[in-house]
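No lab work stands behind these numbers, since they all come straight from the coordinates. It should be emphasised that the depicted structure is a prediction, and the values quoted were computed from it without experimental measurement. Here Cβ is always computed from backbone atoms with ideal geometry, including for glycine, and neighbour counts include all displayed protein chains.
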Amino acid sequence: MIRVFLFFIAFTFTIGNVLSQKLYEWKPPAVNFAVRNDISTNDTVFLIIKDRRVNPEKLKSDTDSKQILSTIISDVKRAFPNVLINDKLTPKEGKFNIIINLSSYGAGFGTEISAGVGMVGGNINSFIFPKGKWNAITALTCTIIKSNKKETREFSNVSSKDNLWGYKSSRKALEETYSSTINNLLLYIEDAFMF
């Protein structure tokens, strides 16, 4: 599966250079995912999550960074109920650490947002966002440090919706990108318990 990671800075510059354009962010939705009751460990897992976004000046939001990060923490804890997850600000040396960096979470209208830059299979590529549609993106990176092994993966999803319902279309597109990105993140974390 080709993993696509869009650089939020390019996305932001594309948005920010248009005088009338705003970036919208909504409260993250409740995500449906499989609860991993069969995974447990005797060790505490340390979860570190940071917001690395560079938001444009014209940001319209019904949430804040703290709530978005809190929702991601809650989703990880809910997915692994038999694992003691301690959400700390810094990694603990010699312990199982999960470090998540949020690099993008937002939606904008496509008449102004038409292009972005990202990576496909490790190569830089440009992307065209549909004009006349709401385009949303959720992107994050996750680094797992366990038994002196360190591995980082990028997760992102882009969704485009017609402007049939206005801001509701924006919200729906952003909810889709968040749900898909979180589900892929949880699969990666699940695999990390095996190595």
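Answer yes or no: is there a residue in the range 157-180 that is β-branched (Val, Ile, Thr) and more than 14 Å from residue 104 (Cα to Cα). Within the range 157-180 (the criterion being β-branched (Val, Ile, Thr) and more than 14 Å from residue 104 (Cα to Cα)), the answer is no, since none of the residues qualifies.
Looking at the structure I just gave you, is residue 151 touching a residue at least 12 places away in the same chain (Cβ under 8 Å), acidic (Asp, Glu) and over 19 Å from residue 60 (Cα atoms)? Don't jump to the end; show me each part of the working.
Details: touching a residue at least 12 places away in the same chain (Cβ under 8 Å): yes; acidic (Asp, Glu): yes; over 19 Å from residue 60 (Cα atoms): yes.
Considered against the rule, which asks whether it is touching a residue at least 12 places away in the same chain (Cβ under 8 Å), acidic (Asp, Glu) and over 19 Å from residue 60 (Cα atoms), residue 151 comes out as yes.
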